[in-house]
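Report on the following structure.
The values are calculated or read from the model by the stated rules, or taken from the named source; none is laboratory data. All of these numbers come straight from a predicted model, not from anything done at the bench. Using ideal geometry, Cβ is built from the backbone for each residue, glycine included, and neighbour counts are taken over all protein chains shown. Accessible surface is based on the protein model in full, side chains and every heavy atom, while ligands, DNA and RNA are left aside. Shrake-Rupley method; radii C 1.70, N 1.55, O 1.52, S 1.80 Å.
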Amino acid sequence: MSVSFYDFNNLHHEEFKKEILSRITDIVNEGSFIDSKYNASFEKRFAEIQNAKHCLLVGNGTDALEIALLAYGIKSGDKVGVPGITFYATAEAVLNIGAIPVYIDTDLKTGLMDPQSLKRVTETHKLSAVIPVHIYGLPAPILEIEKICDPLEIKIVEDAAQAQGGSYVDGGPIGSSKNLTTFSFYPTKNLSAFGDAGCILTQDDNLKEEIITIRNHGRGNSNRLGRNSRCDHVQAAVLDLKLDEIKKLNQQRKEVASNYLNELKGIQEIEILDGKFINCSSWHLFPIKVKDEKIRKELQAFLADKKIGNTPFYERTLSQEKSLGGYEGENENSLNLAGRVICLPMHPFLSKEDISFVSTAIKEYFNT
Ligand SMILES: *Cc1c(COP(=O)(O)O)cnc(C)c1O
């Protein structure tokens, strides 16, 4: 037996393949390769699903972050708060537009941005923006973050690359807040393209126009320097087709997570996520935490030996990455957390037997 980390075969089933090939034939016949009817359809439907006023497709999730910051008017030299535990792109986007990342510490239990740390950092640094990340698919505490940021006029960009299908703790799908929210549709995300794509959600008509201008070379506004971050018609066609099934697939992820939580509870040597997240997380990943890095490495090898897919997200804090280090802020909890997390196989097609196999292996490792 083996349990893979992802499953693209079931995702791209026969019926899906048939329909997508027919859409691609249609695109070739039409000769419409950039921003076209499937882009318009996806943008309209996705905005509706996420309860946002506008959705703007862009080239990828990192561009989405950069364009969101630019649309908010963040410029070279401005300071932007980012969590210490996230994918590189969150801080990379800040540096790519010439702004300066300032690290905000994480909540040890969840790995999410800690509002207390954000508050302290705003007392010593003038932040222009902050990027809370809905890491693993868990909703960041946006209301608390807004309470700190609003009086100081700090813009909020929510990095929801991992959170499609998630909702805020106090309700509403991720992306329905007043902030700019960015998604990535990289092939491993909950909603995925056949390559790179991303989008930005907004409730604001003016920001929508800014984003449309920036993503297409500044066209339509001679004052604004843009870039090329258009979304190909084929990617939009894939995304639009996948919307038909996304609700069902995210529901299946919740069931997988719920089974894991049941199977793994009671193992003293690991920490698992709080069951209160069952309905609000997108369950993009299923992280467990062990005591230290040595055990993490051993357990990873033990699982790999049994052909159980797993990854150590995240082995290092962003401040420990050579290209992202040397910036100010708070990292104590992030440093504590880094290196201790293993993400278990997580996709909509895991059976009860798969989950039981993974859980039994973990129990076997700890001899419990
Ligand atoms: C995947 C991801 C991104 C980057 O998205 P790309 O489409 O690869 O550019 C940004 N932030 C987080 C948290 C991610 O997981």
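Would you confirm whether or not segment 51-70 contains a residue that is away from the ligand (no atom under 12 Å from the Cβ), in contact with a Leu (Cβ under 6 Å, 6 or more places away or on another chain), open to solvent by 10 Å² or more (accessible area, probe 1.4 Å) and farther than 17 Å from A160 by Cβ?
Looking through segment 51-70, none of the residues is away from the ligand (no atom under 12 Å from the Cβ), in contact with a Leu (Cβ under 6 Å, 6 or more places away or on another chain), open to solvent by 10 Å² or more (accessible area, probe 1.4 Å) and farther than 17 Å from A160 by Cβ.
Just a yes or no: is a residue in segment 44-59 in contact (Cβ under 8 Å) with a residue 24 or more places away in the chain, small (G, A, S) and either touching a helix residue (DSSP H, G or I) at 6+ places or on another chain (Cβ under 7 Å) or part of a strand (DSSP E or B) (or both)? Talk me through it step by step, then tell me what you get.
So the first thing to find is which residues in segment 44-59 are in contact (Cβ under 8 Å) with a residue 24 or more places away in the chain, and the list is 45-47, 49-59.
Those still in the list that are small (G, A, S) too: 47, 52, 59.
Adding the requirement that they be either touching a helix residue (DSSP H, G or I) at 6+ places or on another chain (Cβ under 7 Å) or part of a strand (DSSP E or B) (or both) leaves none.
Taking every residue of segment 44-59 in turn, none turns out to be in contact (Cβ under 8 Å) with a residue 24 or more places away in the chain, small (G, A, S) and either touching a helix residue (DSSP H, G or I) at 6+ places or on another chain (Cβ under 7 Å) or part of a strand (DSSP E or B) (or both).
Taking I288 and the conditions (1) assigned to a helix (DSSP H, G or I); (2) more than 16 Å from the ligand (Cβ to nearest atom), which numbered condition does it fall short on, given that it satisfies the others?
Among (1) assigned to a helix (DSSP H, G or I); (2) more than 16 Å from the ligand (Cβ to nearest atom), the lone unmet condition for I288 is (1).
With the requirement that a residue be in a loop (DSSP other than H, G, I, E, B) and surrounded by 24 or more Cβ atoms within 10 Å (Cβ to Cβ), what does segment 141-160 give you? Spell out the reasoning first.
From segment 141-160, those in a loop (DSSP other than H, G, I, E, B) are 141, 153-154, 160; that's our starting set.
Passing the criteria: only A160.
Got a sec? Which of N29, N9 is over 29 Å from G309 (Cα atoms) and either outside any strand (DSSP E or B) or of a type in the set (V, I, T) (or both)? Spell out how you get there, then give the answer.
Working: N9 fails: over 29 Å from G309 (Cα atoms).
Sole residue among the options that is over 29 Å from G309 (Cα atoms) and either outside any strand (DSSP E or B) or of a type in the set (V, I, T) (or both): N29.
Looking at (1) open to solvent by 10 Å² or more (accessible area, probe 1.4 Å); (2) on the phi < 0 side of the Ramachandran plot; (3) at pLDDT 95 or above, can you tell me which one D170 breaks?
Just one mismatch for D170, condition (3).
Within segment 167-184, track down each residue that is within 15 Å of the ligand (Cβ to nearest atom) and either aliphatic (A, V, I, L, M) or over 10 Å from the mean Cα position of the chain (by Cα) (or both). Show your work before the answer.
Looking only at segment 167-184, we keep the residues that are within 15 Å of the ligand (Cβ to nearest atom), and these are 174-175, 180-184.
Matches in segment 167-184: I174, G175, L180, T181.
Of the conditions (1) open to solvent by less than 50 Å² (accessible area, probe 1.4 Å); (2) in contact with a strand residue (DSSP E or B) (Cβ under 8 Å, 6 or more places away or on another chain); (3) under 24 Å from I174 (Cβ atoms), I272 clears all except one; give me its number.
Unmet condition: (1).
What number of residues in segment 199-239 are buried (at least 18 other Cβ atoms within 10 Å of the Cβ), polar (S, T, N, Q) and within 16 Å of the ligand (Cβ to nearest atom)?
2
Condition first: without any contact (Cβ under 8 Å) to a residue 40 or more places away in the chain and open to solvent by less than 10 Å² (accessible area, probe 1.4 Å). Now tell me which residues in segment 113-140 satisfy that.
Those that are without any contact (Cβ under 8 Å) to a residue 40 or more places away in the chain and open to solvent by less than 10 Å² (accessible area, probe 1.4 Å): M113, L118, A140.
List every residue pair whose Cβ atoms lie under 6 Å apart, where the two residues are 6 or more positions apart in sequence or sit on different chains, the first residue falls within segment 84-95 and is modelled with pLDDT under 95, and the second residue, located anywhere, is open to solvent by less than 10 Å² (accessible area, probe 1.4 Å).
Within 6 Å, no pair qualifies.
Looking at (1) within 16 Å of the ligand (Cβ to nearest atom); (2) within 27 Å of T124 (Cβ to Cβ); (3) among the charged types (D, E, K, R), find the lone condition where D196 falls short.
D196 satisfies all of (1) within 16 Å of the ligand (Cβ to nearest atom); (2) within 27 Å of T124 (Cβ to Cβ); (3) among the charged types (D, E, K, R) except (2).
Among the residues of segment 161-170, which ones are in a loop (DSSP other than H, G, I, E, B) and either among the charged types (D, E, K, R) or under 19 Å from L273 (Cα atoms) (or both)? Outline the logic, then answer.
So the first thing to find is which residues in segment 161-170 are in a loop (DSSP other than H, G, I, E, B), and the list is 161-166, 168-170.
The answer is Q162, A163, Q164, G165, G166, Y168, V169, D170.
Based on what the data block shows, is F313 open to solvent by 20 Å² or more (accessible area, probe 1.4 Å), among the aromatic types (F, W, Y) and assigned to a helix (DSSP H, G or I)? Explain how you work it out, then say what you get.
Values: open to solvent by 20 Å² or more (accessible area, probe 1.4 Å): yes; among the aromatic types (F, W, Y): yes; assigned to a helix (DSSP H, G or I): no.
Against the criterion (open to solvent by 20 Å² or more (accessible area, probe 1.4 Å), among the aromatic types (F, W, Y) and assigned to a helix (DSSP H, G or I)), F313 does not qualify.
Cβ-Cβ under 6 Å, sequence separation 6+ or interchain: first residue in segment 350-368 and more than 19 Å from S4 (Cα to Cα), partner of a type outside the set (A, V, I, L, M, F, W, C) and surrounded by fewer than 11 Cβ atoms within 10 Å (Cβ to Cβ). Which pairs?
none
Six or more apart or on different chains, Cβ under 7 Å: which pairs go from a residue in segment 178-192 that's touching a residue at least 24 places away in the same chain (Cβ under 8 Å) to one that's aromatic (F, W, Y)? Could you list them?
L180/Y72; T188/Y6; L191/F185; S192/F185; S192/Y186
Of all residues in segment 75-99, count the ones that are outside any helix (DSSP H, G or I), more than 9 Å from the ligand (Cβ to nearest atom) and open to solvent by 10 Å² or more (accessible area, probe 1.4 Å).
7
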